[in-house]
Amino acid sequence: MDTFSHALWGKALFGYRGARFSPFFFGAAPDLIAFVPYFIFKLIKSSNAKLFGKPEIAELPNWVLILYDFSHSFVISFIVLGILFFFKKRILAFASLSWSFHILLDFPFHTKEFFPTKIFWPISDIYYDGISWGIPQVWLTNILLLFLILFYRFRPGKDLKT
């Protein structure tokens, strides 16, 4: 799924009073951890590199795939959640659940050809050969559900403290 949708899902499901922006961040965090360093690497490496859009798997350095596996693991997300719960306010720990939800969304909507999500990495390399999120039925369903949930949560006339 696209990073922007993940950020919106984080806000839609885990954003409330004390957590205005952190659900956006934690919803996008797995993709940011994997791809922001690669974006910077491409920016420095070549002035004519394609910076945006779907990357070609063959062109990616191995460390990008390792960062992807790291950031898209329930094991890692639960460690982060535990640390936040222990050291920070519970409200921030709740918002960080959007990281785990990101993984839950990616698991069935990534194919083995394009970033299969190894949800129990580094314990296991198991993944599911899912349906691509890029097909219109999945992408449009994602947009529709996001719209409905966000409209319901932040509808006009509703208490804006959420």
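Annotations
- Candidates 112, 89 - the one that is of a type in the set (Lys, Arg) and more than 25 Å from residue 18 (Cα to Cα): 112
- Filter pass, residue 130 being touching a helix residue (DSSP H, G or I) at 6+ places or on another chain (Cβ under 8 Å), closer than 27 Å to residue 65 by Cβ, surrounded by fewer than 19 Cβ atoms within 10 Å (Cβ to Cβ) and not hydroxyl-bearing (Ser, Thr, Tyr): yes
- Any hit, segment 18-29, residues being assigned to a loop (DSSP other than H, G, I, E, B) and either surrounded by 15 or more Cβ atoms within 10 Å (Cβ to Cβ) or at pLDDT 95 or above (or both): no
- Qualifying residues in segment 40-50 (those that are surrounded by fewer than 14 Cβ atoms within 10 Å (Cβ to Cβ) and within 22 Å of residue 4 (Cα to Cα)) - the one modelled with the lowest pLDDT: 50
Yes/no matrix, rows are residues, columns are (1) in contact (Cβ under 8 Å) with a residue 24 or more places away in the chain; (2) small (Gly, Ala, Ser); (3) part of a loop (DSSP other than H, G, I, E, B):
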residue: 94; (1), (2), (3): yes, no, no
residue: 106; (1), (2), (3): yes, no, no
residue: 115; (1), (2), (3): yes, no, yes
residue: 121; (1), (2), (3): yes, no, yes
residue: 124; (1), (2), (3): no, yes, yes
residue: 132; (1), (2), (3): no, yes, yes
residue: 142; (1), (2), (3): yes, no, no
residue: 145; (1), (2), (3): no, no, no
residue: 152; (1), (2), (3): no, no, no
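The values are calculated or read from the model by the stated rules, or taken from the named source; none is laboratory data. If you're wondering where the values come from, they're calculated on a predicted model, not measured in any experiment. When we count neighbours, we look across all protein chains shown, and the Cβ atoms used for this are built from the backbone with ideal geometry, even at glycine.
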